[in-house]
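Worksheet for the structure shown next.
The values are calculated or read from the model by the stated rules, or taken from the named source; none is laboratory data. Given the structure is predicted, the values throughout are model-derived calculations rather than measurements. Heads up, the Cβs are rebuilt from the backbone with ideal geometry, glycines too, and the neighbour counts pull from every protein chain shown. These area figures cover heavy atoms from the full protein model, side chains too; ligands, DNA and RNA do not enter into them. Shrake-Rupley method; radii C 1.70, N 1.55, O 1.52, S 1.80 Å.
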Amino acid sequence: MEEFNDTINLGENVVKVLKGIYDPEIPVDIYELGLIYDVMVNEENHVKILMTLTSPNCPVAESLPLEVEEKVKAIDDINGCEVEITFDPPWTKDLMSEEAKLELGML
């Protein structure tokens, strides 16, 4: 049970880090923007993040996933990180949190 709680705590720490990474074109973090589809932490403390970009032609398609990987790997107790980009389902504004929509004046 303790190992399960550690995995939950690590997952929460990963989300905190993701909330500190911003899309350079939109003043909202990538988590609230809805770019993160899933965060998985296994028993060996390896993290896999399934994420998308606002479009396949996103100008940060090369750098943003690397930034996510590097910042997550820097978390204490994380033993590795893999970032997988997907466009299925494609990102839409509906994936944004209420907080992000409010920040962008969409509510």
GNM result for the chain, Cα springs below 10 Å: residue of PRO27, PRO89, PRO59 fluctuating most strongly = PRO89
Counting DSSP beta bridges with both ends in segment 12-105, the antiparallel % (nearest 5) = 50
How much net charge surrounds TYR37 when only the other residues with a Cβ under 13 Å from the Cβ of TYR37 are counted, with Lys and Arg +1 and Asp and Glu -1?
-> -2
For the chain, built as a Gaussian network whose Cα springs stay under 10 Å, the top-fluctuating residue of ASN57, ASN42, ASN13 = ASN57
Starting from the Cα-Cα distance between LYS101 and ALA74, subtract it from 0.36 nm times their residue separation and give me the gain in nm to one decimal.
-> 6.8 nm
Using a Gaussian network for the chain with springs between C-alpha atoms less than 10 Å apart, which of these wobbles most: ASP88, ASP29, ASP77?
-> ASP88
Counting only the heavy atoms of the protein chains, how much of TYR22 is accessible to a 1.4 Å probe, in Å² to the nearest 10?
-> 120
Give, to the nearest whole percent, the P(r) tail of the chain beyond 21 angstrom, counting all Cα pairs.
-> 35
